[in-house]
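Down below is the structure, laid out as structure tokens.
The values are calculated or read from the model by the stated rules, or taken from the named source; none is laboratory data. Everything numeric in this text was worked out from a predicted model, so none of it was measured. All Cβ positions, even for glycine, are placed from backbone atoms using ideal geometry, and neighbour counts span all protein chains on display.
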Amino acid sequence: MADPEGRMLPEVTAESRAFWTGGFEQELRIYRCQACRSWIHPPVGACWRCRSRDVGPEVASGRAKVAAYSINHHPWFPAFPPPYVVAAVELDEDPSVRLTTCLVDCDVDQVEVGMAVEVVFDEQDDVALPLFRPVMA
Amino acid sequence: MTFVEDRAVITGVGQSQIGRRIGRTGIDLALEAAERAVAHAGLTFDDIDGIASYPGPVAAEGGFVGATTHDVRDAFGLRTTWHVSGVETSGQIGTMLDAAAAVASGRATHVLCFRSVWEATAQAAGRAAALTGKAVRASGHSEFRMPFGAASPANWIGMYAQRYMHEFGLTREQLGKLVINARHNAGLNPQAIYRDPMTMDDYLNARMVSWPFGLYDCDVPADGATAVIVSRREAAGGLANAPISIEAAGAALYERHSWDQRADLTTMASHDAAASMWETTSFTAGDVDFATLYDGFSYLCTQWIEAFGFTEHGKVGPFLDDEENYRLEGRLPINPHGGQLSAGRLHGYGFVHEACVQLWRQAGERQIPKDVELAAVGVGGGPEAGCMLLHLA
Ligand SMILES: [Zn+2]
């Protein structure tokens, strides 16, 4: 199911390249509509809100809040020893835009809805995975 | 108003042998289910001029595609005027709804609809590893989940369940009552895979898969096929069973087909489908006698309970507290056969089969004791949903 390192990396596309590689420059790059200025995820060549085709990656703050989570206890991938937290985080720029991610540097029992998190990049081969960790007070 | 002007009816159903690792192929199971459904309807294969299935020949893990439409029509040498399969549709019953439209519009007279899985056997044989081993990189919708360790629907659906619990106070014990009810019913169903009684301690102490889901909140891979015959009403008289009307159907999806972008994480596509269904019928939720609701995960069943309006949004926890609401002898029996949780992951079609068998009063020991005329069938989870209101007056 996974590569020799025990994980499954993304197949990078023309639309998703900015998302998967921005982390090498410490940037969370999310598609944004130039017509109505909404953010869009996953990246695709049109804005689902206003249907403008004038869309492309912009740099987001990397700040987000936990919208929902599940504490995974099953060993799906060797690179992800359980327990770990799978979370949907909503961007501070637009809470209606969510990223599914994995929380790191985080006690699994301390996670809650609304918790402030920030992006941290995990470089793997040709991609930098945007993971999130709790914002230190 | 009735779905496709009341021109399509269900005339027969059939199931193959069902079990775990029974060592038969998905095609073999599909052929057996088809034979039984055709015979059950009082037809022969010469009468079958249409065929429909889910999902068709898609790339998927071992055993998910038990048999394609072509596999079955070729095996029996069917002469068809209409055939279809598809995965981009309204839940696993999407192409069954298309079959109803096909007979209503004269493109076919009797359509064999089926779903076959042999996941238990195929995965035990290591086929899953062999197949997925080729996909070293995650693509399509998996692209944005797999790289984060979100490998399973247990993770994706677990997040929805967590948010709902956070918003409305639904508890693991309440989910457990639904799981235990399914197991109790399965004990009365000789075709069910798991029939031993389950206690709340069994449920709560089972190993955690992805919180809030423990082992018993998740269905398990099964081997089995289900077939349903959809016929044109004028051709259904004098057959073996009284024709079941498809009173209404719902197939709506009002948001993107996504597992994490739905505006309200405490609803699912089930809510869109059910709302669109109720717009087409004069029946209301209060008229429904029983329901068969997709429970690939326990939480998905709670979403259908809400989506159909059997309780208000946010109130499914209190609904589950009172077994009188959903037990076999109660007000609205749910999943008399044990659902996918206990009767096996037949992937959607099992719920249609059970609704028909109950309406025909052919369910044996698990037959709902009260009179039943109107069944709600809800199939799918997350962004997948299709539903029907089946009526036998
Ligand atoms: Zn726009």
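Given the conditions (1) more than 20 Å from B:Tyr299 (Cβ to Cβ); (2) facing another protein chain (nearest Cβ under 8 Å), report the number of the one that B:Gly140 does not fulfil.
(2)
For region B:73-105, name all the residues that are closer than 23 Å to B:Ala235 by Cα and in a helix (DSSP H, G or I).
Those that are closer than 23 Å to B:Ala235 by Cα and in a helix (DSSP H, G or I): B:Arg73, B:Gly94, B:Thr95, B:Met96, B:Leu97, B:Asp98, B:Ala99, B:Ala100, B:Ala101, B:Ala102, B:Val103, B:Ala104.
Could you pull out the residue among A:Ala67, A:Ala79 that is in a loop (DSSP other than H, G, I, E, B), within 14 Å of chain B (Cβ to nearest Cβ), away from the ligand (no atom under 16 Å from the Cβ) and touching a Gly at 6+ places or on another chain (Cβ under 9 Å)?
A:Ala79
Go through region B:292-327 and give me each residue that's crowded, with 20+ Cβ neighbours inside 10 Å and not in a helix (DSSP H, G or I).
Matches in region B:292-327: B:Thr292, B:Leu293, B:Tyr294, B:Asp295, B:Gly296, B:Phe297, B:Phe308, B:Phe310, B:Tyr326.
Against the definition (assigned to a helix (DSSP H, G or I), over 21 Å from B:Leu328 (Cα atoms) and of a type in the set (Gly, Ala, Ser)), how does B:Ala182 come out, yes or no?
In short, no.
For region A:89-112, state whether one or more residues are within 19 Å of the chain's Cα centre (by Cα), of a type in the set (A, V, I, L, M) and within 16 Å of the ligand (Cβ to nearest atom).
Among the residues of region A:89-112, at least one is within 19 Å of the chain's Cα centre (by Cα), of a type in the set (A, V, I, L, M) and within 16 Å of the ligand (Cβ to nearest atom), which makes the answer yes.
List the pairs whose first member sits in region B:281-292 and is among the small types (Gly, Ala, Ser), whose second member is in a loop (DSSP other than H, G, I, E, B) and buried (at least 16 other Cβ atoms within 10 Å of the Cβ), and whose Cβ atoms are under 8 Å apart, counting only residues at least 6 apart or on separate chains?
Listed pairs, sorted by first residue: B:Ala285/B:Phe308; B:Ala285/B:Gly309; B:Ala285/B:Phe310; B:Ala291/B:Phe308; B:Ala291/B:Phe310; B:Ala291/B:Leu332; B:Ala291/B:Pro333; B:Ala291/B:Asn335.
I'm told A:Leu103 meets every condition in (1) facing chain B (nearest Cβ under 7 Å); (2) within 13 Å of A:Glu118 (Cα to Cα) except one. Can you identify the failing condition by its number?
(1) is the only condition that A:Leu103 fails.
Can we say A:Arg51 is more than 12 Å from chain B (Cβ to nearest Cβ) and within 16 Å of the ligand (Cβ to nearest atom)?
Answer is yes for this residue.
Quick check on my filter: what residues within region A:48-64 are part of a strand (DSSP E or B) and either within 27 Å of B:Pro153 (Cα to Cα) or in contact (Cβ under 8 Å) with a residue 60 or more places away in the chain (or both)? I'd like the intermediate steps shown before the answer.
Kept after step one, since they are part of a strand (DSSP E or B), are these residues of region A:48-64: A:55-60, A:63-64.
Result: A:Arg63, A:Ala64.
Can you tell me which residue is nearest to B:Gln358 (Cα to Cα) among those in region B:276-291 that are assigned to a helix (DSSP H, G or I) and more than 18 Å from the chain's Cα centre (by Cα)?
Of everything passing the filter in region B:276-291, B:Asp287 is nearest to B:Gln358 (Cα to Cα).
Test A:Val117 against the stated conditions and say whether it is crowded, with 18+ Cβ neighbours inside 10 Å, facing chain B (nearest Cβ under 9 Å), within 15 Å of the chain's Cα centre (by Cα) and at pLDDT 95 or above.
no
Looking for something free of Cβ contacts under 8 Å to residues at least 12 places away in the same chain and surrounded by 20 or more Cβ atoms within 10 Å (Cβ to Cβ) - is there at least one such residue anywhere in region B:91-114?
No, that holds for no residue.
Looking at B:Ala192, B:Ala154, B:Ala120 in this structure, which one is away from every other protein chain (no Cβ under 12 Å) and at pLDDT 95 or above?
Only one candidate passes the filter, namely B:Ala192.
Looking only at region B:46-87, which residues are without any contact (Cβ under 8 Å) to a residue 40 or more places away in the chain and among the acidic types (Asp, Glu)?
B:Asp46, B:Asp74, listed by residue number.
Please work out if B:Glu61 is touching a helix residue (DSSP H, G or I) at 6+ places or on another chain (Cβ under 9 Å), part of a loop (DSSP other than H, G, I, E, B) and acidic (Asp, Glu).
Yes: the conditions hold for B:Glu61.
I'd like the full set of residues that are more than 16 Å from the ligand (Cβ to nearest atom) and closer than 11 Å to A:Pro57 by Cα, limited to region A:21-33. Explain how you work it out, then say what you get.
Residues of region A:21-33 that are more than 16 Å from the ligand (Cβ to nearest atom), as a first pass: A:21-29.
Residues satisfying the conditions are A:Gly22, A:Glu27, A:Leu28, A:Arg29.
Examine region B:350-371 for a residue that is closer than 23 Å to B:Tyr164 by Cβ and touching a Leu at 6+ places or on another chain (Cβ under 9 Å), and state whether such a residue exists.
Yes, region B:350-371 has at least one match.
If a residue has to be closer than 16 Å to B:His353 by Cα and part of a helix (DSSP H, G or I) to count, how many in region B:17-30 make the cut?
2
Say we look at region A:1-44 and pick out the residues that are among the polar types (S, T, N, Q) and within 10 Å of chain B (Cβ to nearest Cβ); which of these is nearest to the chain's Cα centre (by Cα)?
A:Ser16
Among B:Thr81, B:Thr69, B:Thr44, which is in contact with a strand residue (DSSP E or B) (Cβ under 6 Å, 6 or more places away or on another chain) and more than 20 Å from B:Asp295 (Cα to Cα)?
Answer to the selection: B:Thr69.
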